[in-house]
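The values are calculated or read from the model by the stated rules, or taken from the named source; none is laboratory data. Just so you know, these numbers come straight off a predicted model, no measurement behind them. Please note: Cβ atoms are built from the backbone with ideal geometry, for glycine as well, and neighbour counts cover all protein chains shown. Accessible surface areas use protein heavy atoms only, side chains included; no ligands, DNA or RNA. Shrake-Rupley method; radii C 1.70, N 1.55, O 1.52, S 1.80 Å.
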Amino acid sequence: MKTRNHREAPALGSCPSEINGKGTSEPAKNKLKGIRGKLVGIFHVPDGRPEKTPKNKDCKQEESKPITVDKIRELIDDKRLFEAGQHLLMLEKEPYDETSEERKGVDQSEIKELYDFLKHEALGIIKTSIRIALTNPELLQNTVRAIAEQVKEDERDALEKVPGKVLSSRPRKWKEDWKKTIQECVADRMQVPSFDGVEGLSAAAHSFLHMGKTMKDDLITVVQHIKPHYSKDFHVCCIYAECYYQCFSSQLEAIAQFELGSRDNTLLLTWVQNIYPNEIKKHPVLEKELEEANLGSLLPSRQIKHLEETYLINESESLKRCLARCLEMEVTRWTQGREPEKLDGHFHSELPIDAIQAVYGGQKRAKDITPDLGKQISPLLLAEFLTFLQSYKKELERFIKENRQHRYFEANVIANINNCLSFRTHTEDSTTPGLEDVKQQIFTVLSDIQSAGFDVLLQGLFQELQPLFKKFTQKTWLSCTDIMNEILASTSHHLSTFQTLKESFRQAIMEKIHLHLVREHISRLVKKKVSLKSAEQQNNLSKVIQNNASILHTFCTENGSKAKWLAPVLPSLAEIIKLQDTNAIMVEVGGLASKYPDISKKHLAAILYFKGNLSSSDSKSILSVLDIRLSVVLPPTPLFSTIKPS
């Protein structure tokens, strides 16, 4: 109830005269002004914005409360896992009722059920990471964030104890279960699909080809599309790499226990020793990540060694069969009644191409797996190549013996001589150390083939020349001036046969002809027992020999012979016959013996027999020169040792 002298206090913001100071004494005005200043200081908003009503304690608690269990379940169903996880953490951290040891309003079993549901959904998505990383990266990112938050909470729990917290609720092993899920994911991805054999592969080959390709492709996806969603502390690339490695390695180790076929053994060894270390571990996208993972070999060294030993045996046997087939086809072609093909004007055979490609292929395949395996296989392949050439030589000798009347006999012989060049070049190019003995055996076989071929081709010529050379012994030497021209004309007629030989062999066969002509000329000299008493007669004979030597040497060199070592022998013999001074003869004999150390005293005595005016003592002195062998230059081929003096 209001009293007579009491007035109701005016509301803030009204302007009664008392407040404004109108009709009020000065001291009262100052007092009211101070009160108003205090009130403005309390309620004034400095930036002019409307003042906000402070929230009371109850209102603040209401806002920070988590959403309901059902709402969290809906978020999980909608795959909004990160958001659901956040609310679930808030719910988990609500204080406990001290009397019931339960969270106010939420049963502990409900929280566990929600966590189980969240983990089930999150790990289900992780299990399909390889696929959804490309098709739904947002979902993967949300899931990874949810897992990362739970992992942090587990780690935080390991470092501190939260008062009032049920001891069994943490840790919830999120990271351990995440790793297990990746293992399951990898196992599913590496599962080999059903195989019907239509690709021409064995089941084993299909298996590790699938796993190898899956490992490579999936790890690239991990690095490019999954790694960006994870923090570094997850080491996600290492985890995936280790899982793929363990899965692939264990499967290959199991496969390697069995006796594999040649092709499977090669393919497995190629994957383990070449493709995995070079195309997976050193892939531009994967190299850095896999270095951190520090992955080992796919197989233990003992199994790799066994695979390599089996591989070497298989390759050697394969080459042997291949070379045998090549030779069989070549031998068949020799008797088919067709002239060999020509290549650049030379008779040509496919045998060297096929055989060398087979050897080269075996070498390259091994080297492509590892350089060391390439070194290991070299001696084995070269040994098989030697065996093949030995068989080739036998087959050619049989052909020469049994088919001389064959229409294309000489053409086939020439083609086989030409083959030797390719075989020799291939052997010379083999640089593997420690194989010199085998290489020398190969060169010997090739030389034998070449010599056998030359003998066949030259047999007719040499038979034709034999009666012409006999004329040297049937007539006096001074009447034999035209015989050498006949010999060379007959030789020239046969040279056209050799035009289909390759250049190096044309030169070689011409040198063989050159040697034969010189040797036969010497043979006729040492076999003709003629004693010329006068120096003039000896001089005339010397001129005939000199002339023959000049004509012969010019003919042979013009037709390709490079046998310059034969040039001095006939002129030197002519000079011995011509010279009359014993000391000069001894000097000439010394020069001759230094160039042709196989000359014997019988050969020299037969030449000295022409010198009818030479005393017995002088003859002995000249012959004694051969007892002194100082510096000797060995000729490439024996000369005098193949000539029998009469």
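Miscellaneous remarks
- Calculated FRET value between Glu138 and Glu74, using beta carbons and R₀ = 22 Å, to 0.05: 0.70
- Sites Ala489 and Tyr360, calculated FRET efficiency, Cβ-Cβ separation with R0 60 Å, nearest 0.05: 0.80
- Ordered from highest to lowest accessible area with the whole protein assembly present and a 1.4 Å probe, Tyr311, Tyr609 read as Tyr609, Tyr311.
- Model label points for Glu402 and Lys367, set 7 angstrom from Cα along the Cα-to-Cβ axis, are 3.9 nm apart.
- Carbon + sulfur, % of accessible area of the stretch 194-291 - ligands and nucleic acids excluded, 1.4 Å: 52 percent
- Residues with amide H under 5 Å from that of Leu532, placed H, sequence gap 5 or more: Lys611, Gly612
- Average Cα contact separation per residue, the stretch 456-553, under 8 Å, 6 or more apart, as relative contact order %: 39 percent
- Each of Asp429 and Ser231 was given a label point 7 Å from its Cα along the Cα-to-Cβ line. The distance between the two points is 6.1 nm.
- Counting only protein heavy atoms and using a 1.4 Å probe, the accessible area of His210 comes to about 50 Å².
- Point-to-point label distance, Lys394-Gln474, nm (Cα→Cβ direction, 7 Å offset): 4.5 nm
- Computed with a 1.4 Å probe over protein heavy atoms only, the accessible surface of the stretch 208-304 comes to 47 Å² per residue.
- For Met190, the accessible surface of its heavy atoms amounts to roughly 10 Å² (probe 1.4 Å, protein chains only, rounded to the nearest 10).
- From phi via Karplus (6.51, -1.76, 1.60), per-residue ³J(HN,Hα) for the stretch 68-73 in Hz, x at Gly/Pro: 6, 4, 5, 5, 4, 4
- For the residue pairs Lys512/Lys578; Lys93/Lys127; Lys393/Lys439; Lys232/Lys282; Lys127/Lys282, the alpha carbons lie more than 18 Å apart in Lys512/Lys578; Lys93/Lys127; Lys232/Lys282; Lys127/Lys282.
- With a threshold of 18 Å on the Cα-Cα distance, the over-threshold entries among Lys342/Lys502; Lys620/Lys644; Lys601/Lys644; Lys527/Lys644 are Lys620/Lys644.
- Sorted largest first by accessible area at a 1.4 angstrom probe radius, with every protein chain in place, the residues Lys71, Lys216, Lys562 fall in the order Lys562, Lys71, Lys216.
- Contour excess over end-to-end distance, with Cα ends at Glu184 and Leu201 and 0.36 nm allotted per residue: 3.4 nm
- Per-residue SASA remark: Trp565, around 60 Å² accessible (1.4 Å probe; ligands, DNA and RNA not included).
- Restricting the calculation to Cα atoms, the stretch 561-646 shows an Rg/Rh of 0.95 when the hydrodynamic-style radius is the Kirkwood one.
- Rounded, prolate or oblate (a/c below 1.5 giving rounded, otherwise prolate when a/b exceeds b/c) for the stretch 270-364 by Cα gyration tensor: oblate
- For the stretch 206-289, averaging the sequence separation of C-alpha pairs within contact (under 8 Å, six or more residues apart) and dividing by the residue count gives a relative contact order of 45 percent.
- Whichever aspartates and glutamates have a C-alpha closer than 20 Å to that of Lys595, once near sequence neighbours (fewer than 8 apart) are set aside: Glu511, Glu520, Glu575, Asp627
- Accessible area in the full protein assembly, largest first, 1.4 Å probe, for Thr128, Thr135, Thr491: Thr135, Thr128, Thr491
- Within the stretch 223-257: backbone nitrogen closer than 11 Å to the His283 label point (7 Å, Cα to C-beta): 223-224
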